[in-house]
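Chemist: Below is one structure. I have some questions about it.
The values are calculated or read from the model by the stated rules, or taken from the named source; none is laboratory data. All figures in this text were calculated on a predicted structure; none of them were measured in a lab. Virtual Cβ from ideal backbone geometry, glycine too; neighbours counted across all protein chains shown.
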Amino acid sequence: MTNKFDSFLTEYLKAYWLRPVSALVRTLEAMELRLYDIPAAGSLELGCGDGVNSYIAKGGTLPLLFDAFRSMPLPTAEQFFSGTLDVYNSFKDDAYSNFTFAPKVLWETALDHKQALLDKAHLLNCHQQLICHSFNAPLPLASESFNFIFSNSLYWATNRELLVKEIFRVLRPGGKCKFVIINKTFADFMTWNVLKAHEFRKYLDMGRHEHYASLLEWSVWANEFTDAGFAVDKIIPEFNRSLVHMQEFHDLREISPLTAQMTRGLSEEALREVKTKWIEYFLYLFGAMYREGYFKTEMDEANYVIFELSRPA
Ligand SMILES: C[S@@+](CC[C@H](N)C(=O)[O-])C[C@H]1O[C@@H](n2cnc3c(N)ncnc32)[C@H](O)[C@@H]1O
């Protein structure tokens, strides 16, 4: 493994290979987040999902055959494209029974409101505690009990003011946060708006635009963080328009239940072979794009930003 980009992309492709652009997006985010530098003691993730993303971002590695698609159902086209079925919110023990992870604490606490995702996160053996709870309600956590808080899910919040206050409350004075926020401009490049004139846009969007309850200008978040008492230490621009286009139109999302189904018919040996090749292909292609600077993003074209905050001591 020659560099951080390649090593992150390899791990993310293991997990999300059937949606390669998702692997790429997470790779670029992990490189900017540098979560691997943060001690596990006193750390909290809000909206951890199945935990795989932040496990890798913290430096965790996966067996080649582990992925996020093993329990994915194969719904009818009508069910799938309606977006009413969350195909990732399913977990079957038997699909993952071959995988065991040696215990290694990477996160102290992580919280999500979907139990099936937390059940999957348990597998990774890297959290001291996993809590099923909605962050739209007061957090079931003691005041001033964390040194570091991470989230890439705050834009789902429907009660932002409460959430920001709660984060401030549970963070120790002197503690730090990193939050990935989706900027309002992101909406302009989503299929939902790009294909506004077409009825079929709903089949490509699959209900996603409705999840973005707090799609705001990053400056609004900056003001709200400051109003709650945080110091904004750094704002990192991310996710230029070209990358959003790739994610919206070239992530193979529309066929992912089908490709997931196809992989289940393969022997372990055949699966190893095709997955190794798949990773090789995307390392080659995305690596070339990365080295040419295609994903570099200036502040005025950022569709995501990373906030680095601290609670004054
Ligand atoms: C974009 S996903 C990110 C998941 C994970 N951090 C990752 O990077 O893969 C958003 C996550 O936030 C969770 N979430 C959404 N609304 C929530 C709420 N009100 N309370 C707790 N978790 C929530 C979802 O279940 C989902 O796992």
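Chemist: Across region 55-66, which residue is surrounded by the fewest Cβ atoms within 10 Å (Cβ to Cβ) among those that are of a type in the set (A, V, I, L, M) and not in a loop (DSSP other than H, G, I, E, B)?
Modeler: Out of the qualifying residues, it is Ala57.
Chemist: Scanning for something without any contact (Cβ under 8 Å) to a residue 24 or more places away in the chain, over 29 Å from Gly42 (Cα atoms) and either within 13 Å of the ligand (Cβ to nearest atom) or surrounded by 14 or more Cβ atoms within 10 Å (Cβ to Cβ) (or both), does region 231-241 turn up at least one residue?
Modeler: no
Chemist: Something else: Within the set of pairs 6+ apart or on separate chains, which have a first residue in region 140-156 that is under 9 Å from Gly42 (Cβ atoms) and in contact (Cβ under 8 Å) with a residue 60 or more places away in the chain, a second that is in a loop (DSSP other than H, G, I, E, B) and within 16 Å of the ligand (Cβ to nearest atom), and C-beta atoms under 9 Å apart?
Modeler: Asn147/Ile38; Phe148/Ile38
Chemist: Just give me the residues in region 115-124 being surrounded by 20 or more Cβ atoms within 10 Å (Cβ to Cβ) and either within 10 Å of the ligand (Cβ to nearest atom) or at pLDDT 95 or above (or both), in sequence order.
Modeler: Correct list: Leu117, Leu118, Ala121, Leu124.
Chemist: Inspect region 27-38 for any residue being in contact with a strand residue (DSSP E or B) (Cβ under 6 Å, 6 or more places away or on another chain), surrounded by fewer than 21 Cβ atoms within 10 Å (Cβ to Cβ), at pLDDT 95 or above and closer than 23 Å to Ile131 by Cα and give the result as yes or no.
Modeler: yes
Chemist: Where residues in region 138-152 are part of a strand (DSSP E or B) and within 13 Å of the ligand (Cβ to nearest atom), which of them is nearest to Arg208 (Cα to Cα)?
Modeler: So the residue we want is Ser151.
Chemist: Report yes if some residue within region 155-170 is touching a strand residue (DSSP E or B) at 6+ places or on another chain (Cβ under 8 Å), aliphatic (A, V, I, L, M) and at pLDDT below 95; otherwise report no.
Modeler: no
Chemist: Taking region 77-107, which residues are within 16 Å of the ligand (Cβ to nearest atom) and farther than 23 Å from Arg253 by Cβ?
Modeler: If the condition is that a residue be within 16 Å of the ligand (Cβ to nearest atom) and farther than 23 Å from Arg253 by Cβ, then Leu106, Trp107 are the ones that fit.
Chemist: Does Tyr155 fit the bill of being within 12 Å of the ligand (Cβ to nearest atom) and of a type in the set (Phe, Trp, Tyr)?
Modeler: So Tyr155 fits the description; yes.
Chemist: Additional query: Would you tally the residues in region 190-223 being in contact (Cβ under 8 Å) with a residue 60 or more places away in the chain, closer than 22 Å to Ser153 by Cα and either among the basic types (Lys, Arg) or assigned to a helix (DSSP H, G or I) (or both)?
Modeler: Number satisfying all stated conditions: 5.
Chemist: Right, something else. Tell me which residues, restricted to region 1-54, are among the hydroxyl-bearing types (Ser, Thr, Tyr), within 11 Å of the ligand (Cβ to nearest atom) and assigned to a loop (DSSP other than H, G, I, E, B).
Modeler: none
Chemist: Residue check: is Phe286 buried (at least 17 other Cβ atoms within 10 Å of the Cβ), in contact (Cβ under 8 Å) with a residue 60 or more places away in the chain and within 20 Å of Met31 (Cα to Cα)?
Modeler: Answer is yes for this residue.
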